[in-house]
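> If you scroll down you'll find the structure; I have some questions about it.
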Amino acid sequence: MRKISKMSFAAIIVLFIVVLLVNIGLVSAHEHDFTEIKQLIDSGTACNQLADEQLEAIGDYYMEQIHPGEAHELMDNMMGGEGSASLKQVHINMAKRLYCNEES
């Protein structure tokens, strides 16, 4: 078996670090900042005062709590993908059920 030279070993370590940093960057890019939505939820605003966009964001927040990170992304893709009308409706329905306590 050939011995790995110090130079090759260093190159492997650098490559590993680069791949790790790229992956961390990709994960961070997919994370949502739910600070404003959490404040909206905490305010207890009545559902009849919320626009569909706010309900969608609240539903997205709840989905992230139930299925965090990559699991949330997979769920979004299974329900139509980012920006689809079907995913928007799923998020609105989640907000109506979990935040507004409405039955479907």
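> Has segment 75-89 got any residue that is basic (Lys, Arg) and modelled with pLDDT under 95?
No.
> Based on this model, can you work out whether LEU50 counts as out of contact with any strand residue (DSSP E or B) (no Cβ under 9 Å at 6 or more places or on another chain) and crowded, with 16+ Cβ neighbours inside 10 Å? Even if it seems obvious, please write down each step before you answer.
On the way: out of contact with any strand residue (DSSP E or B) (no Cβ under 9 Å at 6 or more places or on another chain): yes; crowded, with 16+ Cβ neighbours inside 10 Å: yes.
Spelling it out, LEU50 is indeed out of contact with any strand residue (DSSP E or B) (no Cβ under 9 Å at 6 or more places or on another chain) and crowded, with 16+ Cβ neighbours inside 10 Å.
> From the list LEU98, LEU87, LEU55, pick out the single residue that is in contact with a Lys or Arg (Cβ under 7 Å, 6 or more places away or on another chain) and surrounded by 15 or more Cβ atoms within 10 Å (Cβ to Cβ). Before you say what the answer is, go through the steps one by one.
Numbers: LEU98 fails: in contact with a Lys or Arg (Cβ under 7 Å, 6 or more places away or on another chain); LEU87 fails: in contact with a Lys or Arg (Cβ under 7 Å, 6 or more places away or on another chain).
Criteria check complete, one pass: LEU55.
> Follow-up question, since we're still on this one. Considering segment 67-84 alone, what residues qualify as being surrounded by 12 or more Cβ atoms within 10 Å (Cβ to Cβ) and either touching a Cys at 6+ places or on another chain (Cβ under 8 Å) or not in a loop (DSSP other than H, G, I, E, B) (or both)? Outline the logic, then answer.
If we filter segment 67-84 for residues that are surrounded by 12 or more Cβ atoms within 10 Å (Cβ to Cβ), which is where we start, we get 67, 71-73, 75-77, 79-80, 84.
Result: ALA71, HIS72, GLU73, MET75, ASP76, ASN77.
The values are calculated or read from the model by the stated rules, or taken from the named source; none is laboratory data. All figures in this text were calculated on a predicted structure; none of them were measured in a lab. Because the Cβ atoms are built from the backbone with ideal geometry, glycine has one as well, and the counts that use them run over all protein chains shown.
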